[in-house]
Amino acid sequence: IDINPEVNIPKENVPTDSVIQVDMWRQLDPETVNNQTVQVYRINSRSFDPVEGNVSLLNSMTVIQFEPTELFEYSMDYLLVISGDVRDWSGKYCFQQDFEFLFKTIISYGFEMVISGNLTVNVIYQQDGTQVPVRDVKIKLIKNGEDYSTAYSNETGQYTFNDLPEGVYSLECIK
């Protein structure tokens, strides 16, 4: 969705909400959640430019928040990366590798910020210190307590849910 071409308002004057929040499934170790383990990049045609911002933990240490020092740009691709070094309160790693979430800022006709993005799920298991992909795992994406989409992991253990609207999702994997 783009700005209505009949409305003569410069894109740079359109207000946007510039806070990203990721709701985690357990309490995190605050020592492992910082600007080195949670980063956002603006994707240009030739590079990934780091976005300056502040990282904090909210809601009893279960929500990671990234607030950039400048507003996100209109109609731009961004990449949120949460390092595999993030641990929960008991010291266990939350991810077996970096978690990456690609999103694009889009302005609707009402000039509200709408975020959509892709979610790539990697289904792997550890075998003697090696990560082994698992194919044909049923992956259920759940939104508001209801099944939103279902897919199966491919031969590399991956599946990407594309163009997901803004919202809170959970995953269920069944083998």
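The values are calculated or read from the model by the stated rules, or taken from the named source; none is laboratory data. Small disclaimer: the values here were computed from a predicted structure and weren't measured. Methodologically, a virtual Cβ is constructed for each residue, glycine included, from the backbone with ideal geometry; neighbour enumeration extends over all protein chains shown. Side chains are part of the model used for accessible areas, which takes the heavy atoms of the whole protein and leaves out ligands, DNA and RNA. Shrake-Rupley method; radii C 1.70, N 1.55, O 1.52, S 1.80 Å.
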Original post:
When you look at GLU112, is it at pLDDT 80 or above and loosely packed, with under 14 Cβ neighbours inside 10 Å, yes or no?
Top reply: no
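Taking LEU58 as the residue in question, decide whether it is hydrophobic (A, V, I, L, M, F, W, C) and exposed (fewer than 13 other Cβ atoms within 10 Å of the Cβ). Before you say what the answer is, go through the steps one by one.
Details: hydrophobic (A, V, I, L, M, F, W, C): yes; exposed (fewer than 13 other Cβ atoms within 10 Å of the Cβ): yes.
Yes, satisfied.
With the structure loaded, tell me whether VAL19 is modelled with pLDDT of 80 or more and either open to solvent by 30 Å² or more (accessible area, probe 1.4 Å) or not aromatic (Phe, Trp, Tyr) (or both) or whether it fails that test.
Working: modelled with pLDDT of 80 or more: no; either open to solvent by 30 Å² or more (accessible area, probe 1.4 Å) or not aromatic (Phe, Trp, Tyr) (or both): yes.
Criteria not met by VAL19.
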Original post:
For the stretch 133-168, which residues satisfy the criterion of being part of a strand (DSSP E or B), surrounded by fewer than 15 Cβ atoms within 10 Å (Cβ to Cβ) and touching a residue at least 40 places away in the same chain (Cβ under 8 Å)?
Top reply: THR160, ASN162, ASP163, PRO165
